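The values are calculated or read from the model by the stated rules, or taken from the named source; none is laboratory data. Worth saying up front: this structure is predicted, and the values here are computed from it rather than measured. In this analysis, Cβ positions are derived from the backbone assuming ideal geometry, glycine residues included, and neighbour counts consider all displayed protein chains.
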Amino acid sequence: AGNMSHLEILGLSGAKIQKSDFQKISHLHLNTVFLGLKSLPHYEEGNLPILNTTKLHIVLPMNTNFWVLLRDGI
């Protein structure tokens, strides 16, 4: 693993998001995070507030209740 302290933009996609996934990058001061969540069968509530970002862009899933994602993102 390299030093990512100067990373400003991060793009991620996945089908399962757990709090431990974002804890590993929560120390980064990101400008923009893109989340591609076209399919998300599992989401652990409380993940998005862990991210230290100015802007958060989410491609919302079609197959799940995305209100939890919106509430966390705000």
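Among the residues of region 19-26, is any touching a helix residue (DSSP H, G or I) at 6+ places or on another chain (Cβ under 8 Å), modelled with pLDDT of 75 or more, under 13 Å from Leu69 (Cβ atoms) and assigned to a loop (DSSP other than H, G, I, E, B)?
For region 19-26, residues touching a helix residue (DSSP H, G or I) at 6+ places or on another chain (Cβ under 8 Å), modelled with pLDDT of 75 or more, under 13 Å from Leu69 (Cβ atoms) and assigned to a loop (DSSP other than H, G, I, E, B): absent.
Could you pull out the residue among His57, His29, His6 that is loosely packed, with under 11 Cβ neighbours inside 10 Å and modelled with pLDDT of 80 or more?
His6
Within region 60-69, can one find any residue that is outside any helix (DSSP H, G or I), at pLDDT 80 or above and exposed (fewer than 11 other Cβ atoms within 10 Å of the Cβ)?
No, region 60-69 contains no residue that is outside any helix (DSSP H, G or I), at pLDDT 80 or above and exposed (fewer than 11 other Cβ atoms within 10 Å of the Cβ).
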